Amino acid sequence: QLQASGGGLVQAGGSLRLSCVVSGETVRRYDMAWFRQAPGKEREFVAAIRWSGGTIYYADSVKGRFTISRDTTKNTVDLQLNSLKAEDTAVYYCAAGRLITSTIRSRDAYYYWGPGTLVTVSS
């Protein structure tokens, strides 16, 4: 089970930290990712970290501003959002799966999803 939290309202240029708590299973067993869905748009890939913790992926639109990390003692995967822009406004979802590299950015490849948390960036 996945549960995301940390969303809220922030001004452009501000920061938020999202956290996804994994229960019932160890976070080390899965590739973990964050996706987001803006109003009227499809759910899109944001960032992912492999089950080994050794490889991290980012969407070009967030590279250099967002950071994904994993805490195996707390069984959480966090997403630090810095330098937020109005276009980052979306519902953010965490997801889990065991993927091959070529599918790491594909939402259809993940089979566990948590309810989203809303991030609203005011300009």
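The values are calculated or read from the model by the stated rules, or taken from the named source; none is laboratory data. Note that this is a predicted model, so its numbers are computed, not measured. Note that we place each Cβ from the backbone using ideal geometry, even for glycine, and neighbour counts take in every protein chain shown. For accessibility, only protein heavy atoms count, side chains too; no ligands or nucleic acids. Shrake-Rupley method; radii C 1.70, N 1.55, O 1.52, S 1.80 Å.
For this structure, a couple of remarks:
- Modelled FRET efficiency - R0 25 Å, residue 61 with residue 25, Cβ distances, 0.05 increments: 0.25
- Just so you know, the Rg over Rh for the chain is 0.94, from Cα atoms, with Rh as the Kirkwood radius.
- Distance from region 20-55 to region 101-123 (C-alpha centre basis), Å: 6
- Mean separation of Cα contacts under 8 Å (6+ apart) over length of region 4-66, as relative contact order %: 21
- About the centre of its Cα atoms, the chain shows a dipole size close to 200 debye [charges on the beta carbon of Lys, Arg (+1) and Asp, Glu (-1) only; nearest 20 debye].
- Neighbours of residue 45, meaning other residues whose beta-carbon lies under 9 angstrom from its beta-carbon, give a summed charge of +3 when Lys and Arg score +1 and Asp and Glu score -1.
- Structural descriptor for the chain: relative contact order 36 percent, calculated from alpha carbon pairs under 8 angstrom and at least 6 residues apart.
- Sulfur and carbon atoms: percent of accessible area, the chain [1.4 Å]: 48
- Value of Rg/Rh across region 79-123 [Cα atoms, Kirkwood radius]: 1.06
- If a spin label sat at a point 7 angstrom from the Cα of residue 80 along the line to its beta carbon, the backbone N atoms of region 1-15 nearer than 15 Å would be those of 14-15.
- For residue 96, net neighbour charge (Lys/Arg +1, Asp/Glu -1) across residues whose Cβ lies under 13 Å away: +4
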